[in-house]
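In what follows, a structure is listed as structure tokens, so that the remarks can point back to it.
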Amino acid sequence: MKRSFLIGIILLALSSCSPVLNRELMKEGVREFSLAYLRETPEVFEGKLFILGGLIVQTRLTGTGSQIEALSVPVDSYGYLQGTGRSQGRFLALYPKSKGILDPMVYKKGREITLAGEFVEARKGKIDEMEYVYPVFEIRELYLWEERTEYDWPYPYYYPYYDPFFYRSPFLYDPWGWHYPSPYWPR
């Protein structure tokens with residue numbers, strides 16, 4: 001009994017530290033790089049494998065396959081995104097038609113991705129009316145993160161509705177009225 005419990009705990013711990021992409025690709029790929037340097041000297045990096053994180057701006061289906069335009073987000077050693085507030089710019093990720101298609105309704109604006117991609121070229125394009133040079137990667141492996149559900153309130157329902165546990169917590173309720181019970185309490 002103790003042995004099976006210990007094995008279960010070890011397996012759970014090992015699985016929680018697993019990368020989102022293939023381990024071999026994570027070892028081979030470069031995670032720390034500058035998109036600006038890729039745009040300036042594309043011939044140096046042609047054919048190299050990179051691990052990228054991104055926030056999808058747009059997904060299009062083209063004659064050669066699917067194309068994702070994404071805002072770059074840094075990733076850690078396991079491929080997890082390290083905050084969407086920091087970005088070095090945008091990139092294009094191409095998924096060949098021979099592997100299938102990436103449906104624009106699934107890979108829609110705002111979804112988060114991690115991918116292993118081989119650098120192909122630096123391609124000129126436009127963001128609205130501004131000229132922009134996109135680093136272009138061919139996708140070897142792609143991971144689509146679950147959609148996040150965000151609420152305005154700390155609970156999944158709004159303020160006027162009753163919360164049966166709110167007044168039972170000694171940390172949230174002050175019977176003498178010196179402090180508000182919640183930062184969302186109306187003042």
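Rule-based calculations on the coordinates, nothing more; no lab input. All figures in this text were calculated on a predicted structure; none of them were measured in a lab. Using ideal geometry, Cβ is built from the backbone for each residue, glycine included, and neighbour counts are taken over all protein chains shown.
Descriptive notes on the structure:
- The protection proxy used here, the mean number of other Cβ atoms lying within 10 Å of each residue, ranks peptides 35-48, 128-141 as follows, highest first: 128-141, 35-48.
- Of the peptides 72-78, 91-97, the ranking by mean beta-carbon count within 10 Å, highest at the top, reads 91-97, 72-78.
- Using 0.36 nm per residue and subtracting the Cα-Cα separation, the extra length available between Trp145 and Asn22 on full extension is 42.7 nm.
- For a straight C-alpha distance cut-off of 23 angstrom, the lysines reachable from Lys126 (same-chain residues fewer than eight places away being disregarded) are Lys108, Lys109.
- Between Arg86 and Thr62, residue separation times 0.36 nm minus the direct Cα-Cα distance comes to 5.7 nm.
- Here the Karplus curve 6.51 cos²θ - 1.76 cosθ + 1.60, taken at θ = phi - 60°, turns the phi angles of region 106-116 into couplings of 8, 8, 9, 4, x, 6, 9, 9, 10, 9, 10 Hz, with x standing for Gly and Pro.
- Computed lengthening from Tyr132 to Ser98, 0.36 nm per intervening residue step minus Cα-Cα distance: 9.4 nm
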